[in-house]
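Data first, discussion second: the structure below is written as structure tokens.
The values are calculated or read from the model by the stated rules, or taken from the named source; none is laboratory data. All of these numbers come straight from a predicted model, not from anything done at the bench. Note that we place each Cβ from the backbone using ideal geometry, even for glycine, and neighbour counts take in every protein chain shown. Just the protein is used for accessible areas: all its heavy atoms, side chains included, with ligands, DNA and RNA removed. Shrake-Rupley method; radii C 1.70, N 1.55, O 1.52, S 1.80 Å.
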Amino acid sequence: MAEEEGIAGLYWKKYRNEESTFALFTPFLVSVAAGNLDSDCFRHCISQDYHFLQAFLEAYETVEDYADDDEKKKLIRQLRESIDKMIHAHQNTVLQEWGFELPKVSIPDSTTTKYKDFLLATASGKIGGEVGGEEGVLPLKRARRKTPFEKNKVAAYTLAATAPFMRLYQNLCAIIITDLDFNTTPTIFKKWLHYHTYSEEMKDLAQNTEDALNNLSASFTTEDLKITEKLYHQAMKLQVEFFAQQIPKRTVVPLSRVEDPYNSKLTIFSDFDLTCSAVRAHHNLAGYKKFMESIRPRTVPGEVHEFDYDGLCEALKQVAEFEKEANTKVEGSAGAMMEGLSIDGTKDAGCDLDLQNGCREFFQKILKKKYPRIDVHVNSYNWCGDLIRSALSSDQKARNIHPNKLVYEANPLEKLDAFMKVLEGHKISRSSEGRHLKVYIGGEVGDFSCLVEADIGIVFGSSDSLRILGEHFGVSFVPLLQGVVKKQMGLIHWKPKCGILYTVESWAEIQAFILGL
């Protein structure tokens, strides 16, 4: 199967989820999905298509004769001709089919220029430092006379730098159409989304580009394929960067940038056990599920409840008792894991701890950029502060991650108490008109109290127990991206005890929502 789909399919599967996530959470695409993107921003974005297509055309004209046989040359020539037709039809497509008039004069913006420079450098045999090493120039560039195989490499590398473009456009637009509340989207956005998702022109161009890449790279060495993959991924990242730089007049993302930086505060409180760590230090899962079943009254399948905050709190008191008993049983064994370790040894253990994909990158980005108004707290039943700090930061001197060391007898109510104390300690003075926004990230029943008390409760993963308990007491679980779009539409507000929790399957979603690119 892997051989049949070729390297283009493999690369797409490897990178589509993360890069699509970052793109979908950009202000531009959130506003498109919400149907309230301002016309100037939309007009500017679609005007840039012309410059991207011109870059494709110039690159294909450069490498068309580089392919090492007539069949491969024909593939590139057909791509060039398709692009040429799209360029000539671009103005008519926008005006006649979408009913939108482009600006008379359009110049490429900085991100379009960045991609164009990257593509044309690749077509000339130059590879940027991120891909080609310190010198940034492929060996073929230094050769007095290029061999047919070396020329073919350049052609294939160029295809790698163009292949994800149409495919990513298709994927993003299809997700907006199928997974989000698309019915309220204005006609102009619908036509744009439908064109990129369903038009045969776009489908054929995406497929033909991938087929050409697979063909020209068929005889590549392992080293050649590594460069090809890096170029493919870099092209995707540049395209996502383009979307991220299209800033509408009104936006709700990324969270770290939309609030007043002088009069507001953002506190992020995250559970560490399983939410961050991929290693669970304790819990008899079978016994825990049995306990959850014992406290869950039987309900009619499909029955809908209003959010019962008081009932949930009473149930969580029972959960707290179970947690206290379970933690007591494992206190000795958990403590033995760290017994005898020095502070340096604990830090080394933290660096080696297996974390959820993307978690470490999220916290390190906060530390490196030194967001002045973001405060981060991490909570754990099992791990000490030094280990957590070491696990989440490559900088051992970092001071704005504050693990609240909850020892092994900690339970959901004690976790809530720690959460509320943190919030009390970070209240903005009454004279300030700014807002203190609180985000809690967790994924277990023990996080429930904190999740519902936060302005934004983010549920990581898919805990059956958490969902069973939550749905019984009327909690709604909404995918985070859907929630963001509804917020952009003005249909919901970030506030505590509202009975809505937002679900994610990856830390990429959390980073895209809170920090952006």
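Some points to look at:
- Taking residues in region 9-22 that are among the charged types (D, E, K, R), and partners anywhere that are open to solvent by 70 Å² or more (accessible area, probe 1.4 Å), the pairs with Cβ atoms closer than 8 Å and at least 6 places apart or on different chains are 19/237.
- Here residue 21 meets each of (1) open to solvent by 20 Å² or more (accessible area, probe 1.4 Å); (2) over 25 Å from residue 109 (Cα atoms) with one exception, condition (2).
- Residue within region 250-273 that is surrounded by fewer than 17 Cβ atoms within 10 Å (Cβ to Cβ) and modelled with pLDDT of 90 or more present: yes
- Scope region 341-371; condition at pLDDT 75 or above and part of a loop (DSSP other than H, G, I, E, B); matching residues: 353, 354, 356, 357, 358, 371
- The residue that is surrounded by the fewest Cβ atoms within 10 Å (Cβ to Cβ), counting only those in region 186-207 that are polar (S, T, N, Q) and touching a residue at least 12 places away in the same chain (Cβ under 8 Å), is 187.
- Any chance residue 147 is open to solvent by 40 Å² or more (accessible area, probe 1.4 Å), at pLDDT below 95, over 25 Å from residue 18 (Cβ atoms) and not charged (D, E, K, R): yes
- In the set 84, 68, only one residue is of a type in the set (Asp, Glu), part of a loop (DSSP other than H, G, I, E, B) and touching a residue at least 12 places away in the same chain (Cβ under 8 Å); that residue is 68.
- Matching residues, region 96-115, being at negative phi, of a type outside the set (Ser, Thr, Tyr) and open to solvent by less than 80 Å² (accessible area, probe 1.4 Å): 98, 100, 102, 103, 108, 109
- Assessment of region 183-194 against the conditions (more than 22 Å from residue 94 (Cβ to Cβ) and assigned by the TED database to the domain that holds residue 63) yields at least one matching residue.
- Residue check, residue 462 surrounded by fewer than 17 Cβ atoms within 10 Å (Cβ to Cβ), in contact (Cβ under 8 Å) with a residue 40 or more places away in the chain and of a type outside the set (D, E, K, R): yes
- None of 465, 449 is part of a helix (DSSP H, G or I), at pLDDT 90 or above and among the hydroxyl-bearing types (Ser, Thr, Tyr) except 449.
- All positions within region 468-512 that are open to solvent by 40 Å² or more (accessible area, probe 1.4 Å) and either in a loop (DSSP other than H, G, I, E, B) or of a type in the set (Ser, Thr, Tyr) (or both): 476, 489, 490, 491, 493, 495, 496, 497, 498, 505
- Scanning region 1-35 for residues that are touching a Pro at 6+ places or on another chain (Cβ under 8 Å) and assigned to a loop (DSSP other than H, G, I, E, B) turns up 25, 35.
- Here residue 500 fulfils each of the conditions (1) over 16 Å from residue 313 (Cα atoms); (2) within 22 Å of the chain's Cα centre (by Cα) apart from (1).
- Residues satisfying the criterion are present in region 176-185 (criterion: part of a loop (DSSP other than H, G, I, E, B), modelled with pLDDT under 95 and more than 24 Å from the chain's Cα centre (by Cα)).
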